[in-house]
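**Student:** Structure below; questions to follow.
Here, each number is a calculation from the coordinates, and none is a lab measurement. The structure displayed is predicted, hence computed values, not measured ones. Using ideal geometry, Cβ is built from the backbone for each residue, glycine included, and neighbour counts are taken over all protein chains shown.
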Amino acid sequence: MKHRRLFVPLLFGLTLSLAACGNSIASNQGETSTTEQANTAQMENPMTDLSSLEELSDQADCAMIRPDGVELSDESYHMIDGDTPIAEYSFTVNGSECFLRFSKAGAETDISGIYGDNGSLFEGQGEDPVYVENDDVKAERWFTVDGQYVFAVMDAGSWECDAFSSIESQFTQMEQKNWDSQVPYEDYQKLVGEYSNEAGDAFGALSIRKDHMVVTVLMSEEDGNRLYWEMDAVLDGDQLVYEKENISQIVYDAESESTTTEAYKEEGAGSVTIGDDCLTFENASSTELKDLVLNRN
């Protein structure tokens with residue numbers, strides 16, 4: 001599916017040009033209609049250019065950073081007016097247009113400005129972090145206590161996942177401006193990363209979402225299927241404490257060479273012990289996960 005980004009300045013410039021032509025004709029006739037005047041008054045540019053990333057962050061009440069480790073060009077900062085204002089930091093890397101957007105908008109609003117044959121990019125995706133990749137775009141949306149963020153690269157298939165992740169990971173780990181948890185943000189951030197066991201058949205990841213941490217585990221089964229755990233946890237001393245484990249089963253069909261994800265079961269409260277760059281699930285409620293040890297990669 002092809003995607004296109006809605007370029008507000010371009011549409012605005014085209015509209016103004018057409019309006020100017022209309023006004024010129026009316027002036028030659030010695031009059032300008034009331035309708036034309038009203039239309040022209042409504043054609044205000046919805047974008048306000050700002051001078052710096054700091055000014056953009058302050059005006060939007062969010063956290064934004066300039067990514068390290070890549071050569072940037074064509075950096076710009078602007079607010080997009082609307083029912084819910086959108087802050088956009090745009091830049092170019094290796095000839096590809098990139099942008100980071102932020103808004104206080106909820107999950108029902110897609111702020112990406114990217115549209116395809118089936119509507120907007122993140123339509124109907126909810127609040128879970130969502131990654132989209134095809135030949136035209138790589139994009140991710142996530143939510144924090146500040147609001148909704150979207151990072152996108154209009155890459156035309158030229159970006160590898162590692163190149164995207166090198167910038168995306170910096171953005172998704174930005175300290176949130178309105179963080180007010182009793183646990184310092186830095187304590188959560190130290191745990192962010194990927195983990196695996198010595199046998200190589202179980203993998204885990206920790207990421208920050210809003211004011212808590214998401215713990216995910218993927219474990220291979222003997223029949224070739226995999227079990228996937230997800231739990232929302234809060235830090236309490238050396239424990240990541242959670243109230244519920246959501247478990248899915250990823251079923252592989254050898255005949256069609258495809259996989260399907262099915263609800264497996266839900267388990268109750270538990271915790272993960274943190275120590276020496278490893279996670280120990282000794283207090284997990286599910287028997288499959290209990291006593292699993294994952295080491296930081």
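**Student:** Would you mind counting up the charge near Asp201? Only other residues with Cβ under 14 Å from its Cβ, with Lys and Arg at +1 and Asp and Glu at -1.
**Tutor:** -4
**Student:** Something else about it: Using a Gaussian network for the chain with springs between C-alpha atoms less than 10 Å apart, which of these wobbles most: Asp146, Asp277, Asp211?
**Tutor:** Asp277
**Student:** Would you mind giving the average projected area, over all directions, of the Cα convex hull of region 145-201 in nm² with one decimal?
**Tutor:** The orientation-averaged projected area of the Cα hull of region 145-201 comes to 6.2 nm².
**Student:** Looking at the chain as a GNM with Cα springs under 10 Å, which of Gln249, Gln59, Gln182 has the largest mean-square fluctuation?
**Tutor:** In the Gaussian network model the winner is Gln182.
**Student:** Which net charge results for the neighbourhood of Thr109, defined as the other residues with beta-carbon distances under 14 angstrom from its beta-carbon, given Lys and Arg at +1 and Asp and Glu at -1?
**Tutor:** Taking every other residue near Thr109 into account, the sum is -2.
**Student:** Give, in whole angstrom and from largest to smallest, the semi-axes √(5λ) of the equivalent ellipsoid of region 185-296, with λ running over the eigenvalues of the Cα gyration tensor.
**Tutor:** In descending order the semi-axes read 25, 14, 13 Å.
**Student:** Using a Gaussian network model of the chain with C-alpha springs under 10 Å, which one of Thr84, Thr144, Thr260 is most mobile by mean-square fluctuation?
**Tutor:** Its mean-square fluctuation being the largest, the pick is Thr260.
**Student:** Taking every eigenvalue of the Cα gyration tensor of the chain, multiplying by 5 and rooting it, what semi-axes result, largest first, whole Å?
**Tutor:** 45, 22, 17
**Student:** Please list log₁₀ I(q)/I(0) at q = 0.14 Å⁻¹ for region 65-152, using the Debye equation with identical point scatterers on the alpha-carbon positions.
**Tutor:** The computed values of log10 I(q)/I(0) come out as -0.50.
**Student:** What is the sum of charges around Leu72, taking Lys and Arg as +1, Asp and Glu as -1, for the other residues whose C-beta is under 13 Å from the C-beta of Leu72?
**Tutor:** The answer is -4.
**Student:** Still on this structure, I have one more. What are the extents of the Cα atoms of region 50-107 along their three principal axes, in Å, largest first?
**Tutor:** The principal-axis extents, from largest down, are 34, 21, 17 Å.
**Student:** Would you calculate, for the chain, the mean residue ellipticity at 222 nm contributed by helices, counting each DSSP H stretch of 4 or more residues as -39,500 (n - 2.57) and dividing by all residues, to the nearest 500?
**Tutor:** Taken over the chain, the calculation gives -5500 deg cm²/dmol.
**Student:** Stokes-Einstein diffusion coefficient for region 87-237 at 20 °C in a medium of 1.002 mPa s, Rh from the Kirkwood formula over Cα pairs: what value in µm²/s?
**Tutor:** Diffusion coefficient, whole number: 126 µm²/s.
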